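Just so you know, all these numbers are worked out from the coordinates, no wet-lab data involved. Since this is a predicted model, take the numbers as computed values, not measurements. Here the Cβ positions follow ideal geometry from the backbone for every residue, glycine too, while neighbour counts run over all protein chains shown.
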Amino acid sequence: MKQRVVVFVSPLQELYTVTCASAVFGYHGPDIPRHYDFQICAERPGPVATSVCADLVVERGLDAIAEAGTLLIAGWGGCGGTGISAELVDAIKAAHARGTRLVAICSGVYLLAEAGLLDGRRAAVHWDFTADFAKRYPRVRADKTVLYVDDRDIATAGTSGTTIDLCLNQVRHEHGAALAMRIGRQFSAPPHREGCQRQYPELPTTGPVPDSLSPLLDWVIANLDQPLTLEDMAARSGRTPRTLSRHFADQLGVSPGRWLLDRRIASTRALLEETDLPIETIAQRVGLSSAVNLRRRFHNALDTTPAQYRRTFRRLPPRKNTDR
């Protein structure tokens, strides 16, 4: 049975968040298993104004929330926490009480906070309205430094640009890294970013900074089977090792070595899920040199063995119909 993902939209809705959620949870063609049913709702059915000067016609109202396995709040068009109705708050609280997973993107965090569901919790909040949010909701531990916080029952993303990361993270937890990577490859999503990575570099300027590391990251992924070092990555990027390390810390919140190991572990998980390749072969393909090294690194990262992981998450091919 497919899980229903309902995306709640509000006036002056930014469409990027909605389309990103649809790209992850929508239909991906006959070759990729479909585990989600995607739907949009609003407080009141009908045209909803968007940020691109074109209305979004929404057929479902708050009643759709009662059918949601995941409710994704794609932002809040009001000013801060103003204009939030008691009816909307009640619908969100009732959904959480039923066990619905709640996901708030950017300003959507105001709705969860208004419902009191973030009290005592850490939440990712956009750097531009952290001060206002903290003043309105002092019981919430607002964090402007991370991309997202995912507590499974409730998840928050600081920026709309993190929507794909957070949605793919849900697919990864619910259906495995291999499926998340297959979905991400369909729309050329960048390598998965962990929630602990920074929203933006700590510079004396405001606003997000373009990711100048993208060419290097693409090259590393394409050469993951090679014994890459910090010096190799620095030479490729035209920076010194020290400068590159600082650049990684500013933009990704991790060191180059940590990022590289995370990519190797992610690729290992995908190969364990999708193939019957021996551990030694997988170790060579992901650049971990030997089965012994792979097992040690894998256990340190996931607290399980590659063999146990494969038994748990191995994707079996569909059974052939033998009926005549």
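What to note about this one:
- For the pair ARG295 and THR240, label points projected 7 Å from Cα toward Cβ lie 4.2 nm apart.
- Mean projected area (nm²) of the alpha-carbon convex hull when the range 213-313 is viewed from all directions: 6.3 nm²
- Gain upon complete extension [ARG314, GLU87; 0.36 nm per residue less C-alpha separation]: 77.4 nm
- Applying 1/(1 + (r/R0)^6) with R0 = 41 Å to the Cβ-Cβ distance of GLU231 and ARG185 gives a FRET efficiency near 0.90.
- Helical mean residue ellipticity (222 nm; -39500 (n - 2.57) per DSSP H run of 4+; nearest 500) of the chain: -12500 deg cm²/dmol
- Point-to-point label distance, TRP127-GLN284, nm (Cα→Cβ direction, 7 Å offset): 4.5 nm
- What the Cα convex hull of the chain gives, in volume per residue, is 164 Å³.
- Near VAL103, once Lys and Arg are set to +1 and Asp and Glu to -1 for all other residues with Cβ below 13 Å from its Cβ, the sum equals -3.
- Over the range 3-185, the alpha carbon radius of gyration divided by the compact-protein estimate 2.2 N^0.38 Å works out to 0.96.
- Label point at LEU302 placed 7 Å out along Cα→Cβ; residues across the range 155-186 whose backbone nitrogen lies under 19 Å: 168-185
- Sequence ranges 232-245, 170-183, ranked by mean other-Cβ count within 10 angstrom, highest first: 170-183, 232-245
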